[in-house]
Structures are given as structure tokens and as C-alpha cells.
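Accompanying notes for the structure given below.
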Amino acid sequence: MSPSEIIRKPESLQGDYTCFTVGDEEYGILTQDVTGVQEAPIVRRVPKAPVFIKGVANIRGRILTVIDTCSRFETVQSNSDTGKMIVAQVDGISFGLLADQVIGISRLEKEMIEPVNPVLVDRQMPFITAMALVNERLLHLIEMTSLVYAGVEVSKKEKTAYASHAQKALTTHRQTKQADYLRHLVMKIGHETYGLDMGALKEVKTKTKLEKLSSGPKYLEGMIKTADGMIPVIDLQKKYDLEPDPFGPQSRIVLMDTTSGLFGILANTASEMINIPTEEIKETPKAITGEQTKHIKNIALLGQKKRLVAILEPAHILTEDDYKTLSKVEGVDMRRQQKKRKTTGGKAVKAFLTFELSGHEFAFDMANLVEVIPYQPVSRIPKAPAHIRGLIHVKGELVPVTDLTTLLEIDNSAGSDEKHIIIVQKSDGLHGIIAERVREILHVEEKNLIEPGDFSKGIKLDAIEKAIRIHHSDRVPMVLNLDKTISWTESYRL
């Protein structure tokens, strides 16, 4: 074997590397091998496994082999309690790598890479293929196949058979993955956080559309005009005697559909739409169940169980007495609304999420929505297209984040207040879109989807599919063509 076959050439190693620390050292593996990053899980030991195998972990119903990097790298474990696990694939099989910290993603060019001196590498552990200097940091580049199999006797036939099984299991897992989550709209009402199953959600509208009333119960804040008629809007702060918090510009009217009729509730904010793992949704403790809390269906604990969300039961927000009282208010008949809704059909209606960015209002089909999350720092990617802000981790997956102001050539000289990242699903995976403000969910008839024309002035036109005509309003949200807007696969791939 020639020296050139033993020592990897720098040009063959250049690329994007996910960088992480174990003890005092920093390592990197090719990002193309990485499928996710998550909190370090509970690991079960496996008798007679190689010493560098920590054990196996249950990752959302799949059994994952976890590598003890401290043992494999023969380094001292950190005392950090913020451990992570990187999920990477080798020959179609997923493995977990325990890390103290995941630093980010670095682009390594051939000039930055130095082949490792053979005298530095144990022949039994040849997985350190090169070293690199990144901003004065020494990075050990790891070759995943060697990391997993060096010193282990596994036949090619065994590996091929298991890889085939793993791929079938992964396909089945992906097909059923969505069943592990329930999508919810997360709202602030008063000083409390509530969730609403998206299946019960009809629309989200701005509070400016609320029409005040001079009569009715104290919790009736007003009425809102919809395609189904005049719908009552309830102030839950007053209905449930919550600690008051004034409504403001970010307040929203959340319209929900129940078997008894349509009604809306006022929320101080309603800008997050998140997928809550079913395992994080718990029964309401018996100590607080009763007539006064029938409107709370479940409790969810998010963010390492530091954030409590009360999941609403729409059918129990209003009692029979409430329906009778509201039906007596002039212009409202809850049951007539339901009957009308059942008998007026035949109109093609689409649901759109609208959001604001740099003085423009955009929209896209709700069918593409995965969730809306608070803005979080991104990991920059050297030499990525200008409109790709970087990567974030969403439930263990690496998600590219698009900056529309750059992509659509929008003037952003005044800057923008980036508060949210909208996660959408495309055929090639998840993508993030930066937004200043998530405005509302609109149900739009086909006839109100119009050509953008002059409304799209100042915006790169080929990214705009249609415009939404909103009657009695000067707002004209631009409907994004996501296939043209988010061109990650065409312009840059990890």
C-alpha cells in the first residue's frame, strides 16, 4: 500500500464539519453524516459489548447504539451537565456520539487541513484522519467508519444485513413519526400559558377586528364578523378570574370550532405553533380537577420541564348556561351558527398563515406548516448562500434558516425585530423562515386569491404566487411559493 493511500489528502477531506468537545479536546465529523443533535439520553448498558460502547438508548421508539467517546478517545470526561448526543450514520446505520458540547458547524478548506502524523495514531484506533486549525483551535477530524468498526470484528455480510434492517426500520419510523407529536397553538392568556390542539382551531385574527357590545355577560368582550356570521369573543381572564394582563397590539382572537358552535377567545399573544411530544402531555392532576377546571384537558411540560402549558378543552370552555346566555345577545345564536356552517358549502377555501417582515406581509399554505418557534441563535455556515442565515436544531434535526429580506431583495436598512422562526416542510426536509411577527391564520376563498400585480412592488416577483384580498382592509398579504422561495437543495447542500 502506497503512502498516498494511507494518508488522506486534504482536498479529499475538505467540507462542512460538525464540531464538538469531549473533555478538553475538540473534534469534528462531516456534517453530511450527521442526522441530528439532541440532549444526552438515558443509556442502558449492554453486557459483553465492546468497552467503547456506552450502551443503547430509546430514541422515540428506536433503539440506538451509543458510543462512549471518552473511552474511544481515551480522554477525561467533563463535569458538564449540558451533555449532547450527535446522531450520525455509518453505512446506513445510525449511531449516537456522546459529547460535552456541540460548538457548531465549520467549513474546512484544504489549506486548513493537515494530514495526521502516523506516529501520533494508534494502529488499533485509526479514526483520527487529520487535524485542522480553526481560529487558533485545534480540531481532530474523525472518520466515522473507523470510529465505529476499528478493532471490532464484524463481517461485511453482517453489516449489510443489519444496514438493510435499519433502513427499513427508519422508513417505518419516519412514516409514523408525526403520530408521536400533537400540534398546538400556544397562547398567553393573562400571565398563564395555554395550548390549543390545532384540530380545534378555526382561525386566528387580530384584535382590531373586534366589535364591542353594550350588553351581555362580563366575559363577553365583543363580536367578530366571519364567513359564518357574528361570532362571540370571550375574555378568559374575566371568565376564570385570572390575574389581569392588559391586551395590546400583539393580542389575538383565537376562533375555535366545537360541536355546539363557534366562538373566539382573547389571547395576549398567540404566535407559537409547536409540536408537543405525546409523552410530554400528562393528565391534569386529580387535586385540581373539578367543575372549575373542566376547560383544562391536559398539562404539558416543555423545555426540560421548565415551562408548563395547560391544554384547553374547547368543549368545556363554555357551559350550557353560557350558551343560553350568549344566545340571548342580539344577533347571536350559537346553534344557528352551527346549522348555517353545515348548510353553506361548495366554496373552495384554503388556510394561510400570515406573518410580517420588514414592513411587508407574507402568507403561505398552512399545509406546509410544521411549527412556529421563538427566534434562536443560528450556527453560521461559511460559504453558504447569502440568504441562508445558518442552521438550528429542531427536535434533533438540523434545519436551514432562510432570511427572506436577502432572498427577496427587500430593503432592510432600518433593521428588523426577529422574534420567530417558522418551520415548514418541503419534500427535501424541514426549513426555517425568519419572521418579525406572526399575524394570523386566514381562511381564504379561491376567488380572493388574486394576481400580485403592483402589490408586490419592491419584492423579487418569482417568489410570489398570489396575493390575498381581504375585504374592508388595505392589507394584501403576498402568498409565497415555497418551492421557489426556499431553494436550499438547488443552491447549497450539507
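The values are calculated or read from the model by the stated rules, or taken from the named source; none is laboratory data. Just so we're clear, the structure is a prediction, and the values are computed from it rather than from any experiment. Glycine also receives a Cβ, built like all others from the backbone with ideal geometry; neighbour counts cover every protein chain displayed.
When ALA463, ALA435 are checked against the criterion of being at pLDDT below 80, buried (at least 17 other Cβ atoms within 10 Å of the Cβ) and in the same structural domain as GLY359 (by TED's automatic domain parsing), a single residue qualifies: ALA463. Being part of a helix (DSSP H, G or I), hydroxyl-bearing (Ser, Thr, Tyr), closer than 15 Å to ILE29 by Cβ and modelled with pLDDT of 85 or more is a description that applies to THR145. Among the residues of region 381-392, is there at least one that is closer than 17 Å to GLU203 by Cα, of a type in the set (A, V, I, L, M) and surrounded by fewer than 22 Cβ atoms within 10 Å (Cβ to Cβ)? No: region 381-392 contains no residue that is closer than 17 Å to GLU203 by Cα, of a type in the set (A, V, I, L, M) and surrounded by fewer than 22 Cβ atoms within 10 Å (Cβ to Cβ). For first residues located in region 45-72 and part of a loop (DSSP other than H, G, I, E, B), partners that are hydroxyl-bearing (Ser, Thr, Tyr) and lie 6+ apart or on another chain with Cβ distances below 7 Å form the pairs VAL51/SER71; PHE52/SER71. Taking the criterion of being surrounded by 15 or more Cβ atoms within 10 Å (Cβ to Cβ) and over 25 Å from GLY96 (Cβ atoms), the residues of region 9-26 that qualify are PRO10, GLN14. LEU196 satisfies every condition listed in (1) in contact (Cβ under 8 Å) with a residue 24 or more places away in the chain; (2) more than 32 Å from the chain's Cα centre (by Cα) except (2). Of the residues GLY61, GLY104, GLY55, GLY92, only one is at pLDDT below 85, of a type outside the set (Lys, Arg) and in contact with an Asp or Glu (Cβ under 9 Å, 6 or more places away or on another chain); which? Answer to the check: GLY61. Got at least one residue in region 407-421 being touching a Phe, Trp or Tyr at 6+ places or on another chain (Cβ under 7 Å) and either in the same structural domain as ILE105 (by TED's automatic domain parsing) or not in a loop (DSSP other than H, G, I, E, B) (or both)? Checked region 407-421: at least one residue is touching a Phe, Trp or Tyr at 6+ places or on another chain (Cβ under 7 Å) and either in the same structural domain as ILE105 (by TED's automatic domain parsing) or not in a loop (DSSP other than H, G, I, E, B) (or both).
For the condition charged (D, E, K, R) and modelled with pLDDT of 90 or more, GLU39 does not qualify. Total residues in region 73-86 satisfying the condition of being part of a loop (DSSP other than H, G, I, E, B) and either surrounded by 15 or more Cβ atoms within 10 Å (Cβ to Cβ) or at pLDDT 90 or above (or both): the figure is 3.
With respect to the conditions (1) under 26 Å from VAL186 (Cα atoms); (2) surrounded by 14 or more Cβ atoms within 10 Å (Cβ to Cβ); (3) not basic (Lys, Arg), GLY429 lacks only one, and its number is (2). Every condition in (1) assigned to a helix (DSSP H, G or I); (2) at pLDDT 90 or above; (3) of a type in the set (Ser, Thr, Tyr) is met by TYR27 except one, and the failing one is (1).
Scanning region 107-142 for residues that are modelled with pLDDT under 85 and under 20 Å from PRO50 (Cβ atoms) yields VAL121, ASP122, ARG123, GLN124, MET125, PRO126. Residues in region 270-285 include none that are over 21 Å from the mean Cα position of the chain (by Cα), surrounded by 21 or more Cβ atoms within 10 Å (Cβ to Cβ) and over 21 Å from LEU442 (Cβ atoms).
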